[in-house]
1. Is it true that some residue in the range 431-441 is farther than 16 Å from residue 297 by Cα, crowded, with 22+ Cβ neighbours inside 10 Å and in contact with a strand residue (DSSP E or B) (Cβ under 8 Å, 6 or more places away or on another chain)?
2. Would you check if there is a residue in the range 402-415 being part of a helix (DSSP H, G or I), under 28 Å from residue 321 (Cβ atoms) and either in contact with a His (Cβ under 6 Å, 6 or more places away or on another chain) or of a type outside the set (Asp, Glu) (or both)?
3. Taking the criterion of being closer than 21 Å to residue 138 by Cβ and crowded, with 19+ Cβ neighbours inside 10 Å, would at least one residue in the range 55-73 satisfy it?
4. Return yes when residue 165 is at pLDDT 95 or above and among the aliphatic types (A, V, I, L, M) and no when it is not.
5. Starting from the range 368-380, take each residue that is assigned to a helix (DSSP H, G or I) and list its partners that are polar (S, T, N, Q), counting only C-beta distances under 7 angstrom and pairs at least six apart or across chains.
6. From the set of residues in the range 340-371 that are out of contact with any Leu (no Cβ under 9 Å at 6 or more places or on another chain), farther than 12 Å from residue 397 by Cα and of a type in the set (D, E, K, R), which is surrounded by the most Cβ atoms within 10 Å (Cβ to Cβ)?
7. Quick check, is residue 364 modelled with pLDDT of 95 or more and in the same structural domain as residue 389 (by TED's automatic domain parsing)?
8. Going by what's in this entry, would residue 129 be described as without any contact (Cβ under 8 Å) to a residue 60 or more places away in the chain and touching a strand residue (DSSP E or B) at 6+ places or on another chain (Cβ under 6 Å)?
Amino acid sequence: MRKDIANLKYVFNPKSIAIIGASDNPEKLGNVILKNLVDGGYEGKIYPVNPKYDELVGLKCYPSIKKINRNVDMAIFAIPAQIIPKIADDCGKKGIKGIVVLSAGFGEIGNVKLEGELKKVVLKHGMAMIGPNCLGVMNPEKRVDSIFFPFYKFGRPKAGEISLVTQSGAVGSCIADLAAYYGVGFAKFASYGNGTTINDADLIEYFGADPKTKQILLYIEGTKDGEKLLEMLEKVNKKKPIVVLKAGKSKAAGEAAMSHTGNLAGNYMAYKAAFRQSKAIEVDSVVDLFYVANIFSQVRPKGKRVAVLTDGGGLGVLTADALDEEGLEVVNFSKETKSKLKKVLPEYVNVVNPLDIVADSGTDTYQKALRILMEDKEIDSIIVIILFQAPAVDSRIIDILVKESDRKKKPIIVVAVGGEYTKENRRVLDSYGIPTYGSPASAVRTLKRFSDYSLFLKNKK
């Protein structure tokens with residue numbers, strides 16, 4: 001691992017942070033970042049840097065990075081692009097190991113020379129640099145946060161096991177905001193922008209070795225090192241699932257990608273071949289990226305045999321159609337399982353898969369049926385469809401699902417279609433690690449990817 005990549009530990013877990021361009025103006029990035037670190041509970045030392053101020057938010061403000069007479073691990077830049085190479089050099093001379101350059105105005109607008117100067121300085125000192133032209137980094141566990149969106153507009157995910165690598169700050173922020181809303185945890189977040197020295201492949205390499213990261217999400221438009229990207233996808237995906245959303249597939253999209261990150265999108269077929277070769281999990285939308293990430297909180301299935309438990313017959317039929325279309329098996333229940341189910345279900349219930357226990361059966365029936373399906377070794381995964389609107393279903397269904405999921409016998413995923421009440425219950429389930437979906441199609445599509453990856457790992461052994 002290159003020295004600058006190894007030094008990313010000072011970016012994601014710094015004991016002290018300097019904010020170059022700190023400000024008392026709420027419209028300035030330097031003000032938002034400073035307040036977010038203070039209000040967010042970052043426990044390390046914070047050093048505002050700006051010659052205009054003696055103090056900011058109760059902290060001593062320094063006229064320059066050179067005037068801080070203590071060790072600084074990481075510096076966040078929120079200043080004009082033209083002066084950044086010189087101050088980055090001052091950071092390197094001071095021994096700062098990591099920098100996050102949020103400022104735009106480099107290669108993405110044609111200012112290649114200035115970006116080259118910054119690159120030369122950073123590599124000379126072996127500093128880890130995220131950026132320029134980026135949203136930066138976040139480590140929820142350590143409350144490290146360079147995101148320049150205020151808390152009331154942008155939710156911060158709780159600590160978890162997912163690390164996100166994103167070329168676009170806008171897309172990355174949408175994914176992180178979704179995660180915060182549904183209570184899904186992040187290990188790390190990295191919006192790398194132009195990727196001048198540290199790019200997508202480098203971050204995958206680092207997260208591949210990070211014990212806190214159990215799965216990696218990648219949003220990519222184009223790469224500067226396709227050979228290394230393929231190498232890292234192949235290497236890391238064997239031990240940690242990598243879920244990829246590739247944008248910039250069309251000519252117009254590629255031109256747009258160049259305009260805001262300075263990276264050519266490249267030939268999509270080449271990327272598709274790389275994803276297929278490495279067995280990385282490619283998705284088609286931001287929502288799918290989040291959906292697939294969430295399902296990995298479940299124990300991995302041993303095969304493609306699926307049982308469907310529902311209190312709404314129509315949704316069960318739609319799920320069966322989706323399973324058939326995706327090549328997953330709607331398994332026939334064994335004689336033993338059928339016998340057990342008949343003892344606990346009303347006489348009018350037809351004991352077949354999908355198993356429709358009908359809307360008036362209620363929570364207790366769900367519990368008994370689910371336990372029997374969990375014990376059947378011929379079933380690899382269970383899709384539970386819940387009509388939260390049904391009078392017989394109460395909040396105990398959440399406890400039942402959580403307890404069964406915690407047994408780690410097989411994955412449980414939930415389909416729940418509805419308005420606010422349904423969505424609130426989905427949020428609770430997601431926060432407990434039970435992935436929920438708003439349609440049978442999205443649930444089955446996600447389960448297919450999960451099952452394929454699980455079988456890929458199984459065949460590797």
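The values are calculated or read from the model by the stated rules, or taken from the named source; none is laboratory data. Predicted model, so just to flag it, every value in this text is computed and none were measured. No Cβ is skipped: glycine too gets one built from the backbone with ideal geometry, and neighbour counts run over all protein chains shown.
1. yes
2. Keep residues of the range 402-415 that are part of a helix (DSSP H, G or I), which gives 402-406.
Remaining after also requiring under 28 Å from residue 321 (Cβ atoms): 404-405.
Adding the requirement that they be either in contact with a His (Cβ under 6 Å, 6 or more places away or on another chain) or of a type outside the set (Asp, Glu) (or both) leaves 405.
Yes, because at least one residue in the range 402-415 is part of a helix (DSSP H, G or I), under 28 Å from residue 321 (Cβ atoms) and either in contact with a His (Cβ under 6 Å, 6 or more places away or on another chain) or of a type outside the set (Asp, Glu) (or both).
3. Yes, the range 55-73 contains a residue that is closer than 21 Å to residue 138 by Cβ and crowded, with 19+ Cβ neighbours inside 10 Å.
4. So residue 165 fits the description; yes.
5. From residues that are assigned to a helix (DSSP H, G or I), the pairs are 372/337.
6. Ranking the candidates gives 340 first.
7. It is false that residue 364 is modelled with pLDDT of 95 or more and in the same structural domain as residue 389 (by TED's automatic domain parsing).
8. On the way: without any contact (Cβ under 8 Å) to a residue 60 or more places away in the chain: no; touching a strand residue (DSSP E or B) at 6+ places or on another chain (Cβ under 6 Å): yes.
No: the conditions fail for residue 129.
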